[in-house]
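No value in this document is a laboratory result; all are computed from the given coordinates. Note that this is a predicted model, so its numbers are computed, not measured. Quick reminder, even Gly has a Cβ in these numbers, built from the backbone with ideal geometry, and neighbours come from all protein chains shown.
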Amino acid sequence: MRFHKAESAFFVFITVILAAGVLIVYAYEAIDSAAQAIDHASRLEVLGQFARLLFATGVLQATALFFGIFFIYPLIRTQVKEEGKLRAMTESLSARSETLEHAALTDGLTGMQNRRFFDDALREYIEEFRKIGKPVGLMILDLDHFKMVNDTHGHDVGDQVLKAVAGCLKDMTRYHDVVARLGGEEFAIVAPNMDDTLLTKLGERIRKAVSGLVVVSGNVRLKVTTSIGVAVWDGQETAEELFRRADKHLYQAKRLGRNRICA
């Protein structure tokens, strides 16, 4: 059992009182021995005075001991319990805060980062890579004809498709890439330090990997494809402008027949 600092101090206080009592008894015995050397009348007077002093001291010590044990210590113990409850409450609130913050930045279905996290990350990457003059690649993906999946097979099957695609995107990207679900069937990838050629090659590998997925749900076997728009930061545009350019390329890929990349 671990004691609070206040409790430890209280026990030291009690120990000091008890030690003082032991010293008083020792002093009494020493004086009693010395008093044997003087005459009887003087010895009685000295012992009587000392006995009264010892009695008074003993009463004070007993009072301090009683007060310490039955009043001071319960107050300290109550304070320790309240402090412990407060600490536990603070830790609980802190944990809840971290959980809520994580939830606020995470997509509940796929476990990926969400739109809020993506927007902040894209701005931060552009700001940092502006300082070192390196490219920042952006890829926006949209699953083709996904509404038909939900309408035909239900949202549960649609959710399985989204989870499978999310897993595929995570497997195909690097640890420092930002992979997010923007909403619905739309995803985005921020790929720092990638030029047009590298980003297009990555996009093509992802497109093929997604089209190769087979989602099985009961007797249903589904395959999906994705259209991808890519853009590399030009060194001047804002995060919003870069996003609009990549989004424009995505819609171009949709117009050209889907299951393709436009850059």
From fewest to most C-beta neighbours within 10 Å, the residues His153, His176 line up as His176, His153
Select from the range 118-211 those trypsin sites (Lys or Arg not before Pro) which occupy a DSSP coil region and have at most 16 other Cβ atoms within 10 Å, ordered by residue number.
-> Arg174
For the range 213-238 and the range 145-183, distance of Cα centres in Å | 8
What spacing in nm lies between the two simple spin-label points modelled at Asp196 and Asp156, each 7 Å away from Cα in the Cβ direction?
-> 4.8
Per-q log10 I(q)/I(0), the range 115-262, q = 0.08, 0.11, 0.16, 0.20 Å⁻¹ (Debye; single scatterer per alpha-carbon; no solvent) = -0.22, -0.40, -0.81, -1.20
Which of Met194, Met172, Met148 has the fewest Cβ neighbours within 10 Å, and the rest in rising order | Met148, Met172, Met194
Could you work out how far apart the two model spin labels at Glu127 and Val220 are, taking each label as a point 7 Å from the Cα in the direction of the beta carbon, and quote it in nm?
-> 4.3
Sequence-distant residues sharing a close amide H with Leu213 (under 5 Å, placed H) = Val224
With respect to the cross-link table entries Lys131/Lys248; Lys131/Lys208; Lys134/Lys170; Lys131/Lys254, which display a Cα-Cα separation exceeding 29 Å?
-> Lys131/Lys208; Lys131/Lys254
If you rank Asp171, Asp196 by fewest surrounding Cβ atoms within 10 Å, what's the result?
-> Asp171, Asp196
